[in-house]
1. Using per-residue counts of other Cβ atoms within 10 Å, averaged over each peptide, order 184-191, 298-305 from highest down.
2. Looking at the chain, send over the antiparallel percent of its DSSP beta bridges, to the nearest 5.
3. Over segment 201-364, what is the percentage of antiparallel beta bridges among all DSSP beta bridges, to the nearest 5?
4. Mind ranking 61-67, 48-54, 89-95 by how tightly packed they are, going by the mean number of other C-beta atoms within 10 angstrom, highest first?
5. Rounded to the nearest 500 deg cm²/dmol, what is the calculated helix-only ellipticity per residue at 222 nm for the chain, with -39500 (n - 2.57) per DSSP H run of length n ≥ 4?
6. Roughly how many whole Å is it from the C-alpha centroid of segment 203-268 to that of segment 132-168?
7. If you roll a 1.4 angstrom probe over the protein chains with everything in place, what fraction of the accessible area of the chain belongs to carbon and sulfur, to the nearest %?
8. ARG180's amide H: which non-local residues (gap 5+, or another chain) put their own amide H closer than 5 Å, with H modeled 1.01 Å from N in plane and none for Pro or chain starts?
Amino acid sequence: MTYTLTQLDEQAAAPIAPADELAGIFDLVPSETARSDAEAAALMENMGFGSKFSDYMAHATWTKEQGWHDKRIEPYGMMSLDPAGSVLHYGQEIFEGLKAYRHEDGSVWTFRPTYNAARLNYSGSRLAMPELPFEDFMASIVGLVRADERYVPTGEGTSLYLRPFIYASEAFLGVRSAHRFEYLVIASPSGAYFANGFQPINLWVEREYHRAGPGGMGDAKTGGNYASSLLPKVIAHDKGYDECLFLDAATNTNLDELGGMNVFVVMADGSVKTPRLTGNILPGGTRSSILQLLDSQGVQTSEETIAYEELVEGIKRGDVAEMFACGTAAVVTSIGSLTSDDGRVELEMGEVTKRVYKDLTDIQLGRAEDKFNWLYRVA
Ligand SMILES: *Cc1c(COP(=O)(O)O)cnc(C)c1O
């Protein structure tokens, strides 16, 4: 079966003006406290993941009266928020994650940024939040990356990780959608996601807790889903596992995804499957890209209901060859074992997982032809 483009894929195909035309939409407020060249260079020598931030951030405000306004690239710094700010009480918040990559010729690119723009608005619609026009999303990315270009690293597995998010900032304790929101993008220069390279992860198959349920927010990228995944993750960590594999909340039998990554199963016959999007699963851009890539290579792919018990039988029989998880941060990571209350099964890291990782990162880094038109030049 070939992958059918989702609404997000279709929205992501919208034409976007070149970066030079978007660059001035967010006004630059010069920073007085930007790092010196030596300080910035020292930071780039020791990036880590997600713990160090660039000099600037993009920021815009939405009010009922004015819509989106005050669009700025301003110095990175503390935000002030009224203690009654509704995000603190009711969690009205959504976010995105994407990366800026430096190509060998020094140019800087993002991968499917309009997919993130479309998904931000999908998440916003689920949480009753205002839409952010694609042009503003793209202009914030362009403006921020250009202001912080020296933080886009060079080197295998490195990138400038970009975190756009919107939160309710109205000071109001009544329960309704807020009348004021802040949109921000912060940037974090990032080394390889897994410090020890391409090592398989061990998953705990979680039967007691779910990250999302039918009619909930599972397909929206919102902090609430992460909040519900933290306790099971702590418990799994304490038992020695890297992540939880969540099952569907309705039947507790079928694979959903990890706390922040989608999951794939590679069969011994070379076909590849992933759980179908049920509304409880986050529609990953990496997931969509992998399905499209594999289709274009003639690999048989399918999106289907994957029962955990059948998966385990398949692994034991040898019908399942590999499993991997995927998402923007890690791209692709091999799954080495699954453990549940009924025992443990192990998997090999195989060729398909490695090839998917290579094919995708080759496109992102400009080393392979971008035949899907996924790259957008920022600087
Ligand atoms: C962000 C996210 C993913 C991966 O999405 P990508 O677009 O591939 O980065 C998967 N699952 C959850 C729960 C997520 O929040």
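The values are calculated or read from the model by the stated rules, or taken from the named source; none is laboratory data. These numbers were taken from a predicted model, which means no experiment stands behind them. In this analysis, Cβ positions are derived from the backbone assuming ideal geometry, glycine residues included, and neighbour counts consider all displayed protein chains. Surface accessibility is based on the protein's heavy atoms, side chains included, excluding ligands, DNA and RNA. Shrake-Rupley method; radii C 1.70, N 1.55, O 1.52, S 1.80 Å.
1. Per-residue mean Cβ counts within 10 Å order the peptides as 184-191, 298-305.
2. If I count the DSSP bridges inside the chain, around 80 percent turn out antiparallel.
3. Approximately 60 percent, going by the DSSP bridge assignments.
4. Highest to lowest by the protection proxy: 89-95, 48-54, 61-67.
5. Result for the chain, helices only: -8000 deg cm²/dmol.
6. 28 Å
7. So the carbon and sulfur contribution to the accessible surface is 51 percent.
8. Placed amide hydrogens put SER169, GLU170 under 5 Å from ARG180.
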